[in-house]
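Take a look at the structure set out below.
The values are calculated or read from the model by the stated rules, or taken from the named source; none is laboratory data. Not measured: the values here are computed from a predicted model. Reconstructed Cβ throughout: ideal geometry from the backbone, glycine too, with neighbour counts over all protein chains shown.
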Amino acid sequence: MSATVNALLREDLRDFAGYKSARSEALAGSVWLNANESAWANGSDADGRLRRYPQPQPEALCARLATLYDVAPAQLLVGRGSDEGIDLLLRAFCMPGRGAIVTAPPVFGMYAVCARLHGAKIVEVPLREAEAGLCADLPAIGDAALASAASLLFLCSPGNPSGELLELDAIAALAQRLRGRCLVIVDEAYIEYADSPSATRLLEQHDNIAVLRTLSKAHALAAARVGCVLGNPQLIAALRRVQAPYPLPQPVVDAALAALAPSALALTRSRMAAVREARMRLADGLRMLPQVRRVYPSAGNFLLVRFADADAAFAALLSAGVVVRDMRAMAQLGDALRITVGSMEECRRVLAALETLRMEAAA
């Protein structure tokens, strides 16, 4: 086992084998009577594919995802979206009621939610307002991880909602500093929109880095709930032992395989280019509006925008049938909305709705 995984894994789980499901053993046979499944298919299931339990880690999907993310299959765990990966990391590396994690808010809320449900302490190092945007202070984050003896440190790149893309060299330096002391988790839910290399390039040299990926965003499978943890094989093996059996239903596996076929991947890549173009045009249009205080640079499929009157902006958008994310309850974002980059027509509707505020002010 890697030195970092062995040092940070909960001591009571080091010899824990986890649940062995009926599909976890590679047994050959033509009459399957080991899982107490129905002998008959449901009347709604014409081909009978749903009466059997699925594979705990579907081999064909894992192989295709490993190719997509340029890792070995042993470096990949598939589950119910990135959310399950976050929860599994807390389960495996934080003793209930005692562990600690580090986050850099404002950021995706599930890191703190999972930690709170697990009874782990949440150490926050807020993003800094800078000319380049809302930026993570990686040296300060490293200081906080060491001072709190945190076992998990969550980075979001591109940041949600900040849009910040972290430099791989900076992530590598942080991981090197924390080696044997803390796992650095890099959430790359939006990395496809950045058109930049993934932190998976760092896995071979840093056994304390793990990467979260998802098919929910760029691959348009949000309702299917398919996500991955990528990391050291020993870390992945530890997570498999604490994962509930059969995380992905067979129809979800089939949908994911179809979405990762060559023709579907080519279409996804073309759409990423379209999102980047629409993001630039939407940002330019927003910056021209007098009620907009700041549009942050973004490497994701969204823009974080500060308004002179965020309440009026939110209301104007809603009255035009446009629903955006109200960020005003989050620290540092009392005047901000997060706007997803939709189609060109949807972006035009956003700008037209906000233009009404200018006309009303001038009237």
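Cβ-Cβ contacts under 8 Å between residues 6 or more apart (or on different chains), taken from a first residue in segment 58-69 that is farther than 16 Å from residue 262 by Cβ to a second residue that is of a type in the set (A, V, I, L, M, F, W, C) and part of a helix (DSSP H, G or I), are listed as 58/253. Residue selection: residue 19 satisfies the criterion of being under 16 Å from residue 238 (Cβ atoms), aromatic (Phe, Trp, Tyr) and outside the structural domain of residue 330 (by TED's automatic domain parsing).
Yes or no, residue by residue, for (1) outside the structural domain of residue 326 (by TED's automatic domain parsing); (2) part of a loop (DSSP other than H, G, I, E, B); (3) surrounded by fewer than 18 Cβ atoms within 10 Å (Cβ to Cβ):
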position	(1), (2), (3)
41	yes, yes, yes
54	yes, yes, no
57	yes, yes, no
65	yes, no, no
68	yes, no, yes
74	yes, no, yes
113	yes, no, yes
126	yes, yes, yes
134	yes, no, no
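Among the criteria (1) buried (at least 24 other Cβ atoms within 10 Å of the Cβ); (2) over 22 Å from residue 87 (Cα atoms), the one residue 139 does not fulfil is (1).
Counting residues that are at pLDDT 95 or above, more than 21 Å from the chain's Cα centre (by Cα) and within 27 Å of residue 124 (Cα to Cα), which strands (runs of 3 or more DSSP E) fully inside segment 274-352 reach at least 2?
Correct list: 292-295, 302-307.
Among the residues of segment 244-287, what is the count of those that are polar (S, T, N, Q), closer than 14 Å to residue 193 by Cα and touching a residue at least 60 places away in the same chain (Cβ under 8 Å)?
1
Scanning segment 147-154 for residues that are among the aromatic types (Phe, Trp, Tyr), surrounded by 23 or more Cβ atoms within 10 Å (Cβ to Cβ) and closer than 23 Å to residue 329 by Cβ turns up at least one hit. Looking at the structure I just gave you, is residue 82 of a type in the set (Ser, Thr, Tyr), assigned to a loop (DSSP other than H, G, I, E, B) and either outside the structural domain of residue 152 (by TED's automatic domain parsing) or at pLDDT 90 or above (or both)? Criteria not met by residue 82.
The number of residues in segment 195-216 being more than 14 Å from residue 75 (Cα to Cα) and surrounded by fewer than 22 Cβ atoms within 10 Å (Cβ to Cβ) comes to 5.
For segment 93-111, a residue qualifies if it is part of a helix (DSSP H, G or I) and aliphatic (A, V, I, L, M), and exactly one does: 110. Scanning segment 147-203 for residues that are of a type in the set (Ser, Thr, Tyr) and part of a helix (DSSP H, G or I) yields 148, 193, 200.
Note on segment 327-352: among residues that are of a type in the set (Asp, Glu) and surrounded by fewer than 16 Cβ atoms within 10 Å (Cβ to Cβ), the one that is farthest from residue 129 (Cα to Cα) is 345. Which residues, taken from segment 4-38, are among the hydroxyl-bearing types (Ser, Thr, Tyr) and part of a helix (DSSP H, G or I)? Within segment 4-38, 4 is the sole residue that qualifies. Sub-7 Å Cβ pairs linking a first residue in segment 336-351 that is more than 17 Å from residue 300 (Cα to Cα) and in the same structural domain as residue 318 (by TED's automatic domain parsing) to a second residue that is part of a strand (DSSP E or B) and polar (S, T, N, Q), at least 6 apart or interchain, number zero.
Conditions tested, residue by residue: (1) of a type in the set (A, V, I, L, M); (2) under 15 Å from residue 151 (Cα atoms).
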{"site": "168", "(1), (2)": "yes, no"}
{"site": "175", "(1), (2)": "yes, yes"}
{"site": "195", "(1), (2)": "no, no"}
{"site": "205", "(1), (2)": "no, no"}
{"site": "217", "(1), (2)": "no, no"}
{"site": "220", "(1), (2)": "yes, no"}
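Is it the case, given these coordinates, that residue 229 is assigned to a strand (DSSP E or B) and more than 26 Å from residue 21 (Cα to Cα)? The answer is no for residue 229.
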